[in-house]
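What follows draws every value from the coordinates through simple rules; no lab data is involved. Quick caveat: nothing in here was measured; it's all calculated off a predicted structure. All Cβ positions, even for glycine, are placed from backbone atoms using ideal geometry, and neighbour counts span all protein chains on display.
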Amino acid sequence: KGKRAFIAGVADDNGYGWAIAKSLAAAGAEILVGTWVPALNIFESSLRRGKFDESRVLPDGSLMEITKVYPLDAVFDNPDDVPEEVKANKRYAGSSNWTVQEAAEAVKSDFGSIDILVHSLANGPEVTKPLLETSRKGYLAAISASSYSYVSLLKHFLPIINRGGSSISLTYIASERIIPGYGGGMSSAKAALESDTRVLAFEAGRKKRIRVNTISAGPLRSRAAKAIGFIDMMIDYSLVNAPLQKELSAEEVGNTAAFLASPLASAITGAVIYVDNGLNTMGVGV
Ligand code: NAI
């Protein structure tokens, strides 16, 4: 039987989440996505109006189907966490059941279970500020949206992930090497995400033999990356300095996710897998 995947963090056709959805769909999986509430209307109407149709084409010529789009805000675990001003916000008031716990419950009542859980989201309100200029609030917001969001998603979806399933997140080399410009506590958030990948691999592995891995991806011109402001420079730097001197395509990350979610990767868990044209291995730029 085909597998079912829930991919959190898809709001357009430019990011890693979309590419992962495509690779999983090409491998035969049914696709459910979680879309950030403020981006939900534009994403759903663009999907409906065919704006993504060119990007939906799979290798066999068919179009990727997204079975259902769930609203999600991964910084809130349940309705008790949601402040009044967010509840009153027009964009949020227009949808319901978008906290992590409610999204998991909705998927459970619609489909019963999933096999693959993907976390492809991050947010750091002060990402353009150096760490020395980052406020406590900005730092904690980065950790909440980019690291704890994954702990929370896995915790709430674990009961409905089938035994032997797989979970994947996306990380960045700034967790372990200095990348000036990746500020606001985002480097700290990725370090936490990678450490949590190991601990969660142990806990989910012992509980349900679920594998937990993270992909350390090279630079991609996504919506989130453009907001950081240095993405073109990072892409150029990689082109010049990486062992493989080619632009990284989102599809290469998507294909790695499909491999990690498949039985071909049945002994891989707790790992940080680099999909970056080898840039991480360089000690000096040449
Ligand atoms: P993207 O913009 O396609 O994806 C980020 C998504 O996170 C967006 O859809 C946004 O709506 C969503 N989001 C933000 N806050 C949220 C919240 N509170 N609840 C739910 N969703 C929320 O950008 P990209 O770059 O594809 O990002 C996906 C992952 O890849 C992130 O973890 C990012 O850090 C990682 N990554 C990206 C790299 C790049 O160069 N683009 C390099 C290495 C890792």
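Only counting other Cβ atoms within 10 Å, I'd like Ile178, Ile42 sorted with the fewest neighbours first.
On the way: Ile178 8, Ile42 13.
With the fewest neighbours first, Ile178, Ile42 line up as Ile178, Ile42.
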Quiz prompt | Label-point separation, Val286 to Lys87 (7 Å along Cα→Cβ), nm | solution = 6.1
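Two-decimal Rg/Rh of the stretch 1-119 from alpha-carbon positions, Kirkwood Rh?
Details: Rg = 14.5 Å, Rh = 14.8 Å.
That ratio is 0.98, to two decimals.
For Ile116, Ile179, what ranking results if the residue with the fewest other Cβ atoms within 10 Å of its Cβ goes first? Provide the component values of the computation, followed by the final result.
Working: Ile116 27, Ile179 18.
Arranged by neighbour count, lowest to highest, Ile116, Ile179 become Ile179, Ile116.
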Quiz item: Under a point spin-label approximation (7 Å from Cα along Cα-to-Cβ), what is the Glu247-Ser45 distance to one decimal in nm?
Solution: 3.0
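Report the semi-axes of the equivalent ellipsoid for the chain in whole Å, largest first, where each axis is √(5λ) for an eigenvalue λ of the Cα gyration tensor. Don't skip to the answer; put the middle values down first.
Working: eigenvalues 139, 107, 81 Å².
Equivalent ellipsoid of the chain: 26, 23, 20 Å, largest first.
With an 8 Å cut-off on Cα pairs and a minimum separation of 6 or more residues, tell me the relative contact order of the stretch 164-235 in percent.
On the way: 78 pairs, mean separation 28.3, N = 72.
Reported as a whole number, the value is 39 percent.
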Quiz item: Where a Cα-Cα gap under 14 Å defines reach, which aspartates and glutamates qualify for Lys208, not counting those fewer than 8 residues away within the same chain?
Solution: Asp115
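Full extension from Leu140 to Ser95: what is 0.36 nm times the residue separation minus their Cα-Cα distance, to one decimal in nm?
Numbers: separation 45, 0.36 × 45 = 16.20 nm, distance 2.61 nm.
Length gained, Leu140 through Ser95: 13.6 nm.
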Exercise. Pull out the extension gain between Leu264 and Arg198, defined as 0.36 nm times the separation in residues minus the alpha carbon to alpha carbon distance; nm, one decimal.
Key: 21.8 nm
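Normalising by the residue count of the chain, find the relative contact order in percent from Cα pairs under 8 Å and 6+ residues apart. The partial results should precede the final answer.
Values: 542 pairs, mean separation 55.3, N = 286.
RCO, the chain: 19 percent.
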